[in-house]
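Below is one structure, written out as structure tokens, with a few remarks after it.
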4 protein chains.
Amino acid sequence: MRAPQIANPASLIVELCQQFYAQGWVSGTGGGISIRQDGRVYLAPSGVQKERIAESDLYVLDEAGTILEHPQQPELRPSACQPLFYNAFRLRDAGAVIHSHALPAMLVTLLYGEAFECTQLEMIKGIEGHGYYDKLVVPIIENTAHECDLADSMAKAIADYPSSHAVLVRRHGVYIWGRDWVQAKTHAECYHYLFDAAVQMARLGVATAPARRSTDAGLTSAAASSATTAHGRV
Amino acid sequence: MRAPQIANPASLIVELCQQFYAQGWVSGTGGGISIRQDGRVYLAPSGVQKERIAESDLYVLDEAGTILEHPQQPELRPSACQPLFYNAFRLRDAGAVIHSHALPAMLVTLLYGEAFECTQLEMIKGIEGHGYYDKLVVPIIENTAHECDLADSMAKAIADYPSSHAVLVRRHGVYIWGRDWVQAKTHAECYHYLFDAAVQMARLGVATAPARRSTDAGLTSAAASSATTAHGRV
Amino acid sequence: MRAPQIANPASLIVELCQQFYAQGWVSGTGGGISIRQDGRVYLAPSGVQKERIAESDLYVLDEAGTILEHPQQPELRPSACQPLFYNAFRLRDAGAVIHSHALPAMLVTLLYGEAFECTQLEMIKGIEGHGYYDKLVVPIIENTAHECDLADSMAKAIADYPSSHAVLVRRHGVYIWGRDWVQAKTHAECYHYLFDAAVQMARLGVATAPARRSTDAGLTSAAASSATTAHGRV
Amino acid sequence: MRAPQIANPASLIVELCQQFYAQGWVSGTGGGISIRQDGRVYLAPSGVQKERIAESDLYVLDEAGTILEHPQQPELRPSACQPLFYNAFRLRDAGAVIHSHALPAMLVTLLYGEAFECTQLEMIKGIEGHGYYDKLVVPIIENTAHECDLADSMAKAIADYPSSHAVLVRRHGVYIWGRDWVQAKTHAECYHYLFDAAVQMARLGVATAPARRSTDAGLTSAAASSATTAHGRV
């Protein structure tokens with residue numbers, strides 16, 4: 001199901017940015033959220049304190065990227081993330097995209113190579129199309145000097161990993177989307193949980209994938225038989 | 001003693017879900033709380049953002065599990081945790097059950113085998129029926145693809161571990177209950193503290209049970225007899 | 001200087017308990033604060049949720065420990081910490097005492113033997129009577145089955161360590177005091193910072209005391225010469 | 001661009017101190033912020049609880065350091081950080097300076113020698129004058145018994161490291177500034193993120209500078225040439 005129509009997307013973005021800031025996703029003016037509804041895209045300006053955005057600071061664009069409404073402050077520019085957000089809108093019909101610089105999202109890109117992988121963690125079920133026994137895979141693209149230069153490799157990763165609702169950016173953060181803002185936020189919370197879990201499992205020296213067990217149905221033999229670690233360090 | 005009658009259980013659930021969300025127990029729509037009072041069970045719907053639940057989103061059921069009151073939104077379904085919550089209501093006469101996905105609760109299930117164990121930590125005294133020198137044991141059941149399939153193994157764990165007020169679920173989280181919401185919440189805070197302590201002790205390389213010391217003024221003879229570490233890694 | 005007279009100590013305790021709960025000092029009904037003013041001692045009941053205390057839940061006692069005012073709820077009992085709080089009131093003329101179960105306070109008692117020690121950390125200067133180059137020492141007493149049984153060993157530790165404004169309790173937490181509530185809270189924040197720092201330094205494998213340097217004035221030679229670790233593991 | 005004129009700098013300081021306290025930057029009365037506007041410098045008193053400052057507690061000084069307005073409480077003294085704040089005002093024309101005792105800021109000074117260094121982390125771009133492939137360098141000066149004695153070595157570090165907008169103080173914390181309060185706060189969030197990242201990378205055993213890879217589509221030739229770890233432990 002889609003979440004109900006949002007009465008005031010700009011007001012919701014203001015509220016969510018405060019929440020994301022408190023969670024460490026959008027500090028230092030980085031990160032943010034864009035919402036698409038009824039052919040209109042709501043977007044924060046570049047380089048502003050996300051927890052202090054006002055509704056009047058937001059841009060409204062059409063789906064082609066043309067600015068329909070400018071913020072009141074004339075010196076602002078649209079977020080450098082715009083082409084990245086539009087990738088998810090166009091290629092996945094997303095209703096909302098969240099960009100996070102959360103530390104665990106950045107740190108997992110140092111522990112994995114081409115893609116982050118994990119399986120058999122309950123929170124995987126929070127990602128659309130994934131069950132508990134599925135392998136969750138999130139592609140990791142290499143960072144670039146300018147955020148806009150990520151657009152092509154992100155688009156390629158989206159094409160190459162059709163089951164993923166997120167793209168990690170090495171030494172940078174992550175883009176996460178969903179069909180509407182509720183799913184995008186749920187996805188973001190689940191992915192962040194899994195990234196954090198993987199970092200902590202690496203610290204504890206436990207593998208992110210459990211050892212193979214002889215009987216998957218009963219799941220009684222908890223003893224590990226072969227626990228090849230899931231992460232090859234970069 | 002039982003906590004005083006709750007004037008409005010639905011309102012309390014809304015408030016506690018916000019608190020649990022801030023503590024990292026119920027992110028990504030996972031986890032939650034159910035309260036039983038006067039033969040009525042208050043329950044959140046499945047897959048909703050727990051920190052944004054409204055009173056009108058809650059189900060009211062009878063003790064047989066029949067829905068008495070539906071949320072206003074017709075597309076909602078009762079939480080998949082319902083059979084798990086009812087295990088604690090029926091088998092332990094619980095007044096409230098909390099389900100948490102908190103990271104430390106999940107991580108301890110990777111460090112222990114059949115059961116989590118610890119002793120001689122002050123917070124153990126917060127768990128009904130336990131003193132400082134007692135061994136606190138929490139059974140760990142294996143996770144399943146569908147949450148409802150946990151019901152039987154949880155019921156068996158409740159029967160097998162009559163002193164425990166909680167059941168951990170491997171790679172998933174924990175169910176914790178109490179005679180009323182105050183005790184369930186107190187239990188939940190103490191268990192989470194102990195899980196977190198065990199994870200941090202594993203990182204620091206210290207055992208969760210203290211070694212016996214030859215000269216020890218303060219410690220009585222009830223101290224642990226051997227310093228074998230309590231956790232065999234899975 | 002002493003902090004100004006508190007208009008309403010009960011109201012301040014309610015406010016501080018909420019703050020301490022948010023900081024992880026008083027979860028699971030453990031921990032708390034007691035304030036002494038004008039011969040009256042304000043104290044929370046035993047086993048209550050500290051972030052939800054109301055002013056009417058508090059006891060008022062005289063300096064001999066006699067109850068002057070009872071909470072409205074008749075089933076409550078005074079906090080089991082009372083004799084411990086009174087130790088600091090009587091032996092140190094404290095104006096307030098904070099008892100915390102914060103995880104770092106508990107964890108440092110697993111890393112040190114008879115006493116926690118550190119030196120050359122700026123936050124040491126926040127503890128009355130200590131400069132940057134002083135060694136901060138906090139005695140660690142062994143925990144007991146019943147909190148009241150800590151009173152004698154705590155009194156002995158207070159006598160044996162006259163420079164300390166705190167006593168750690170192994171596998172339990174810490175008692176911290178000050179001449180008034182402002183100093184007690186400042187001490188508590190500084191001690192907690194130092195405990196947390198010591199835990200993190202242990203994880204990073206760096207010593208809590210810096211290596212000896214040839215010239216202390218210029219402090220230019222940062223290279224360690226002999227960094228015997230400050231903590232003998234228990 | 002400069003941030004717009006602040007209507008009430010004292011009120012903003014009160015608000016920011018509460019935010020910084022919640023983030024762990026100014027606990028135990030340590031740390032703080034000073035704002036300079038129109039030739040007037042707003043400064044907190046020494047040794048006060050930063051999350052409880054009122055506007056009437058602040059000093060107003062001129063740019064020569066003469067007190068123009070005293071707080072209402074006569075027993076207060078200006079913050080011991082004053083000469084440090086003035087270093088940034090005078091030598092860098094800063095509009096605001098933040099002093100933080102955040103644990104990661106202190107911890108990185110234990111992992112690095114003369115200066116903290118990192119490169120190829122997205123948050124580096126939040127520091128004025130720095131791109132993703134630049135090496136971010138923050139000088140580390142040695143702590144002294146009295147805060148005011150840091151003034152000369154801080155001034156020297158500012159002269160020696162003209163690209164840095166921050167000076168770390170070993171076993172103490174960090175001073176961070178910007179052309180106005182918005183940039184100072186953005187810088188502070190980015191620096192703290194990078195310090196925290198470096199501490200966590202040290203724990204995970206990954207270098208703060210990436211190794212060169214032979215086949216790397218996304219990374220240009222500016223990538224690091226050798227994977228020698230950036231931190232020599234002190």
**OP:** Taking the residues in segment A:134-148 that are crowded, with 22+ Cβ neighbours inside 10 Å and β-branched (V, I, T) as candidates, determine which candidate is nearest to the other protein chains (Cβ to nearest Cβ).
**Re:** A:I141
**OP:** Considering every residue within segment D:144-156, establish whether at least one is aliphatic (A, V, I, L, M), over 25 Å from D:G28 (Cα atoms) and out of contact with any Lys or Arg (no Cβ under 6 Å at 6 or more places or on another chain).
**Re:** yes
**OP:** Could you tell me whether C:A198 is at pLDDT 50 or above, more than 15 Å from C:H101 (Cα to Cα) and not in a loop (DSSP other than H, G, I, E, B)?
**Re:** yes
Original post:
Which residues, counting only those in segment A:49-78, are part of a loop (DSSP other than H, G, I, E, B), of a type in the set (V, I, T) and open to solvent by 30 Å² or more (accessible area, probe 1.4 Å)?
Top reply: A:T66
Subject >> Verdict on B:G113 being surrounded by fewer than 17 Cβ atoms within 10 Å (Cβ to Cβ) and under 20 Å from B:I140 (Cα atoms) >> reply: yes
Original post:
Hey, B:Q18 hits all of (1) open to solvent by 50 Å² or more (accessible area, probe 1.4 Å); (2) among the polar types (S, T, N, Q); (3) at pLDDT below 95 but one; which does it fall short on?
Top reply: (3)
Original post:
Of the numbered conditions (1) over 15 Å from the mean Cα position of the chain (by Cα); (2) within 14 Å of chain A (Cβ to nearest Cβ); (3) surrounded by 15 or more Cβ atoms within 10 Å (Cβ to Cβ); (4) not in a helix (DSSP H, G or I), D:L12 satisfies every one except a single condition; which is it?
Top reply: (4)
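For segment A:119-133, indicate whether the set of residues that are more than 12 Å from chain D (Cβ to nearest Cβ), within 26 Å of A:T29 (Cβ to Cβ) and either outside any strand (DSSP E or B) or open to solvent by 30 Å² or more (accessible area, probe 1.4 Å) (or both) is non-empty.
No, segment A:119-133 has no match at all.
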Original post:
Which one is nearest to the other protein chains (Cβ to nearest Cβ) among residues in segment D:43-65 that are acidic (D, E) and farther than 13 Å from D:R77 by Cα?
Top reply: D:E51
**OP:** Working carefully through the options A:V108, A:V137, find the one that is at pLDDT 95 or above and closer than 25 Å to A:S27 by Cα.
**Re:** A:V108
**OP:** Return the pairs, sorted by first residue and then second, in which the second residue is of a type in the set (D, E) and at pLDDT 95 or above, the first residue lies in segment A:149-161 and is open to solvent by less than 30 Å² (accessible area, probe 1.4 Å), the beta carbons are less than 9 Å apart, and the residues are 6+ apart or on different chains.
**Re:** A:L150/A:E142
**OP:** Restricting attention to segment D:95-118, report how many residues are in a loop (DSSP other than H, G, I, E, B) and of a type in the set (G, A, S).
**Re:** 3
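May I ask you to list the residues in segment A:24-48 that are of a type in the set (S, T, Y) and assigned to a helix (DSSP H, G or I)?
The answer is A:S27, A:T29.
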**OP:** Please find, within segment C:166-192, the residue that is nearest to the other protein chains (Cβ to nearest Cβ) out of those that are open to solvent by less than 10 Å² (accessible area, probe 1.4 Å) and of a type in the set (S, T, Y).
**Re:** C:Y191
Subject >> All positions within segment D:157-168 that are in contact with a strand residue (DSSP E or B) (Cβ under 8 Å, 6 or more places away or on another chain) and in a helix (DSSP H, G or I) >> reply: D:A157, D:I158, D:D160
**OP:** Inspect all residues belonging to segment D:85-98 and state whether any of them is buried (at least 18 other Cβ atoms within 10 Å of the Cβ), within 14 Å of chain C (Cβ to nearest Cβ) and not aliphatic (A, V, I, L, M).
**Re:** no
Subject >> Residue under evaluation D:A145, criteria (1) among the small types (G, A, S); (2) assigned to a helix (DSSP H, G or I); (3) more than 17 Å from D:V97 (Cβ to Cβ); (4) without any contact (Cβ under 8 Å) to a residue 40 or more places away in the chain, criterion not met >> reply: (2)
Original post:
Hey, any hits in segment C:16-23 for a residue that's under 12 Å from C:L58 (Cα atoms), outside any helix (DSSP H, G or I) and within 14 Å of chain B (Cβ to nearest Cβ)?
Top reply: no
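The values are calculated or read from the model by the stated rules, or taken from the named source; none is laboratory data. What you see is a predicted model, and the numbers here were worked out from it, not measured in a lab. Positions of Cβ are backbone-derived with ideal geometry, glycine not excepted, and every protein chain shown enters the neighbour counts. Heads up: the accessible areas ignore ligands, DNA and RNA and are worked out on the full protein's heavy atoms, side chains in. Shrake-Rupley method; radii C 1.70, N 1.55, O 1.52, S 1.80 Å.
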